[in-house]
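The next block holds one structure in the form of structure tokens; read it before the comments.
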Amino acid sequence: MDLSGRVVRELAATTRFGDLRPMGETDSTNRVVADLARAGAPEGVVVVADHQTAGRGRLGRRWESPPGSGLLVSVLLRPAGLAPQRRHLVTSAVGLAAADACRAVAGFTPALKWPNDLLVGDRKLAGILAEGVGDAVVVGLGLNVSAAPP
């Protein structure tokens with residue numbers, strides 16, 4: 001995967017998510033970030049992959065997409081000001097942000113299907129998976145960008 005140095009620099013300069021780690025293929029971006037969280041990595045690590053061989057969704061479901069057909073990204077958050085019993089709200093916040101990003105970038109706003117899916121009509125555009133890892137939350141997003149519907 002070839003990510004623009006300009007994009008990485010812009011993220012580093014304007015957000016706390018400047019530690020971008022692109023991968024061609026991995027089993028799961030959430031698994032990679034969870035391992036980094038357990039090793040003490042700081043908030044803001046972002047892992048992006050072109051393909052996942054064992055992506056996961058809510059309730060242990062598989063998340064599958066052909067190589068190169070989706071945006072597969074996981075982020076490490078350490079929400080110090082958010083009580084542990086409210087960390088489930090991260091999923092909704094990411095869903096709202098992803099819907100807003102689709103509007104800004106692609107000119108349409110998908111529906112947010114509680115708690116973790118973005119839909120266009122009755123088709124799934126994206127899935128979100130947030131997992132607690134100690135004091136951290138690992139949140140992953142799989143967004144279809146070029147996969148044909150089944």
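Conditions (1) acidic (D, E); (2) part of a helix (DSSP H, G or I); (3) free of Cβ contacts under 8 Å to residues at least 24 places away in the same chain, marked per residue:
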residue	(1), (2), (3)
N30	no, yes, no
A34	no, yes, no
A37	no, yes, no
G40	no, no, yes
E43	yes, no, no
V47	no, no, no
D50	yes, no, no
P66	no, no, no
S74	no, no, no
**Request:** Confirm whether G24 is within 20 Å of V94 (Cα to Cα) and modelled with pLDDT under 90.
**Result:** no
**Item:** Pairs with Cβ under 6 Å, 6+ apart, first in region 112-135 and over 27 Å from D35 (Cβ atoms), second charged (D, E, K, R)
**Value:** L119/K113; K124/D117
**Item:** Residues of region 80-102 that turn out to be over 16 Å from the mean Cα position of the chain (by Cα) and either surrounded by 12 or more Cβ atoms within 10 Å (Cβ to Cβ) or within 10 Å of A130 (Cβ to Cβ) (or both), as a count
**Value:** 1
**Request:** Given the conditions (1) in contact (Cβ under 8 Å) with a residue 40 or more places away in the chain; (2) part of a loop (DSSP other than H, G, I, E, B), report the number of the one that L82 does not fulfil.
**Result:** (1)
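Identify all residues within region 52-64 that are of a type in the set (G, A, S) and in a helix (DSSP H, G or I); write none if there are none. Don't jump to the end; show me each part of the working.
Of all residues in region 52-64, those of a type in the set (G, A, S) come to 54-55, 57, 60.
Of everything in region 52-64, just one residue is of a type in the set (G, A, S) and in a helix (DSSP H, G or I), namely G60.
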**Prompt:** Does L20 satisfy the condition of being surrounded by fewer than 16 Cβ atoms within 10 Å (Cβ to Cβ) and in contact with a strand residue (DSSP E or B) (Cβ under 7 Å, 6 or more places away or on another chain)?
**Reply:** no
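The values are calculated or read from the model by the stated rules, or taken from the named source; none is laboratory data. Not measured: the values here are computed from a predicted model. Because the Cβ atoms are built from the backbone with ideal geometry, glycine has one as well, and the counts that use them run over all protein chains shown.
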